1. Select, from 188, 144, the only residue that is surrounded by 12 or more Cβ atoms within 10 Å (Cβ to Cβ) and either basic (Lys, Arg) or more than 16 Å from the ligand (Cβ to nearest atom) (or both).
2. Tell me yes or no: at least one residue of segment 76-89 is touching a helix residue (DSSP H, G or I) at 6+ places or on another chain (Cβ under 8 Å), without any contact (Cβ under 8 Å) to a residue 60 or more places away in the chain, of a type outside the set (Val, Ile, Thr) and part of a strand (DSSP E or B).
3. Restricting to segment 12-38, count the residues that are touching a residue at least 40 places away in the same chain (Cβ under 8 Å), outside any loop (DSSP other than H, G, I, E, B) and out of contact with any helix residue (DSSP H, G or I) (no Cβ under 8 Å at 6 or more places or on another chain).
4. Suppose we filter segment 156-173 for residues that are under 17 Å from residue 126 (Cβ atoms) and either part of a loop (DSSP other than H, G, I, E, B) or in contact (Cβ under 8 Å) with a residue 60 or more places away in the chain (or both); how many remain?
5. Might you let me know whether segment 45-67 holds any residue that is away from the ligand (no atom under 16 Å from the Cβ) and among the small types (Gly, Ala, Ser)?
6. Out of (1) farther than 20 Å from residue 135 by Cβ; (2) modelled with pLDDT of 95 or more, what's the single condition that is false for residue 37?
Amino acid sequence: MKVTSSEIVISAVKPDQYPESELPEFALAGRSNVGKSSFINKMLNRRGLARISSKPGKTQTLNFYLINEILHFVDVPGYGYAKVSKKEREAWGKMIETYLTSREQLKAVVLIVDLRHPPSSDDVMMYDFLKHYDIPCVVIATKADKIPKSKWQKHMKITKETLDIDPNDQIIMFSSETGYGKDKAWSALKSFM
Ligand code: GDP
């Protein structure tokens, strides 16, 4: 998809702040520092729209981006940041759970993992959560440029096995550095619209 416009419409923490819109939504989830902001920016051809975090775990709001006036990306705060208090983590969990399990406009969750390493226990938990609630998802294995091509398939295999991925779910290799996988990622999202 050729993105010609993208803007943040609101940062929400509770349902009455979600945009009143019927447009399809895609939520972006991943552990802190996985490369989620970079993924969003690459998909939208924008450099600094989603803030590339110097302080991981900082954003504790759901950030809604309107794209081409036809869909929303919803940036979900990154999980697994150690320096967050138990209370903050609980508030985070509640906010995410409410959004993911009740938002009718949500078409799919884009779960971003790091192709270099096996998915973390938090990644596995997030994936299991999506499966449990029957929420469609696409897995993006990013930072592909950081490993040699000859090892891509091996890393993909480990990623799939660690998540125990449903064979019906799409998993796409990606690089925000080179743009590899961008067209595939857009096609995957479009298939849910
Ligand atoms: P977030 O916390 O998940 O939003 O992660 P960021 O997008 O801020 O990325 C964390 C770090 O990884 C930054 O230094 C990025 O420049 C880097 N990064 C993210 N994606 C890629 C990628 O595909 N390739 C490379 N080489 N670096 C990346």
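The values are calculated or read from the model by the stated rules, or taken from the named source; none is laboratory data. Bear in mind the structure is a predicted one, so any value in this text is a computation, not a measurement. A quick note on method: Cβ atoms are made from the backbone with ideal geometry, for glycine too, and the neighbour counts reach across all protein chains shown.
1. It is 188.
2. Yes: segment 76-89 contains one or more residues that are touching a helix residue (DSSP H, G or I) at 6+ places or on another chain (Cβ under 8 Å), without any contact (Cβ under 8 Å) to a residue 60 or more places away in the chain, of a type outside the set (Val, Ile, Thr) and part of a strand (DSSP E or B).
3. If we filter segment 12-38 for residues that are touching a residue at least 40 places away in the same chain (Cβ under 8 Å), which is where we start, we get 12-15, 18-19, 21-36, 38.
Checking which are outside any loop (DSSP other than H, G, I, E, B) leaves us with 12, 15, 25-31, 36, 38.
Going one step further and asking which of them are out of contact with any helix residue (DSSP H, G or I) (no Cβ under 8 Å at 6 or more places or on another chain), we end up with 12, 25, 36, 38.
Of the residues in segment 12-38, 4 are touching a residue at least 40 places away in the same chain (Cβ under 8 Å), outside any loop (DSSP other than H, G, I, E, B) and out of contact with any helix residue (DSSP H, G or I) (no Cβ under 8 Å at 6 or more places or on another chain).
4. So the answer is 4.
5. Scanning segment 45-67, I find no residue that is away from the ligand (no atom under 16 Å from the Cβ) and among the small types (Gly, Ala, Ser), so the answer is no.
6. Condition not satisfied by residue 37: (2).
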